[in-house]
Amino acid sequence: MKRGWLKNSLRPYLVFGFIFTMCLLYGGILGENQTVNAAAGESTQDQTSEQYAGPETCKTCHEELYDTWQSTRHAHAFSSPIFQRDWVEEGSDYTCLECHTTGYNPGNGSYAHEGITCESCHGPFQPGHPESLMPVTPNAELCSTCHKTTTDEWRASPHHEANIQCQACHNPHSQTPRAETITGLCTNCHKDMGDSFAHGTHASAGLECSNCHMYTAPRTEDAIMGLVPTGHTFTVGSDACIGCHQDTVHTRDTIVRLSGQVKGVPEVDTTSLEKQIQDQTQAIEELKAQSSIRLYTGLAQGAIVGLVTGGVAAWVVSRRIRVVETEE
């Protein structure tokens, strides 16, 4: 009889403890989910719901540009065998599709069209076009979305200082230089240097300006993620000379004196870089703090609900025990 009474007297406490624990766990899970949902919302808040019409729609009026684009690397950015091979080797990482498809949605990994189409640069098709314009900003900010390595080099070049943007040298639709030859392109601005170069031994050997001013070490493997130097600093270093004269560069008695001076890469603005690091660090700390607050808030809510619900349940159980004992 005493053992049964002891068991009945502990039952309210056991019920209270069970309900309180379950509510506490639920509050913690709820707080974590709120953190994940908040992060997901921040990553997709800039996504638009506008529809992409596709390059065939643009072809209706811009057939010549469409035909030019169709044979470019942009058009085959997704279907390229090299990309497909590397993409599979990288585990089909969907972040690659940001630069190899049009209308990529990081929220669910979907995309509107394969390759870099008209709308990748001009934006989603406007229903009122051509009355409603489809403007595009012809500067390096647009190109840097995918060609980050190249634009970073360009920012360290004299071209950047002179505000010579990518489209000044590159035709964005055909992705070819805006001249028949590289030397012809450069001499549009550098006429004096072009005249002296044309009568030099380098020009006689069939070299162009880019062979020295955009020299990069030969690659034996295909580039992964496009993170390779492209020579867009336009500076000439010793590696450019060694690339051709490696057998004789150390056997000369005198150093060949160059007629021009190579302008070095400008100094990096360390103050602005440090400020960017501080801002990013502060943003990370704020996200961590928000995550902790959400977790503790969920635990507190679970504790309050557990106290109230557990207390009521324990009271009901204790009342039932008293009624049974009275009747006995």
Identify the single condition in (1) of a type in the set (S, T, N, Q); (2) part of a helix (DSSP H, G or I); (3) in contact with an Asp or Glu (Cβ under 7 Å, 6 or more places away or on another chain) that Ser79 does not satisfy, given that it satisfies every other one. (2)
Quickly run through region 101-138 and pick out the residues that are without any contact (Cβ under 8 Å) to a residue 24 or more places away in the chain, farther than 19 Å from Cys58 by Cβ and of a type outside the set (S, T, N, Q). Gly109
In region 94-135, the residues that are assigned to a loop (DSSP other than H, G, I, E, B) and of a type in the set (Phe, Trp, Tyr): Tyr104, Tyr111, Phe125
Please state which of the following conditions Gln175 fails to meet, knowing it meets all the rest: (1) out of contact with any His (no Cβ under 7 Å at 6 or more places or on another chain); (2) within 27 Å of Cys189 (Cα to Cα); (3) in contact (Cβ under 8 Å) with a residue 60 or more places away in the chain. (1)
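Which residue out of Ser43, Ser71, Ser80 is surrounded by 13 or more Cβ atoms within 10 Å (Cβ to Cβ), small (Gly, Ala, Ser) and either modelled with pLDDT of 65 or more or within 21 Å of the chain's Cα centre (by Cα) (or both)?
Checking each option against the conditions leaves just Ser80.
Can you tell me how many residues in region 144-166 are farther than 16 Å from Thr233 by Cα and of a type outside the set (Ser, Thr, Tyr)?
1
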Options Glu141, Glu161, Glu153; residue that is surrounded by 14 or more Cβ atoms within 10 Å (Cβ to Cβ) and either closer than 21 Å to Ile116 by Cβ or touching a residue at least 24 places away in the same chain (Cβ under 8 Å) (or both): Glu153
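The values are calculated or read from the model by the stated rules, or taken from the named source; none is laboratory data. What you are looking at is a predicted structure, and each value in this text was computed from that prediction instead of being measured. Heads up, the Cβs are rebuilt from the backbone with ideal geometry, glycines too, and the neighbour counts pull from every protein chain shown.
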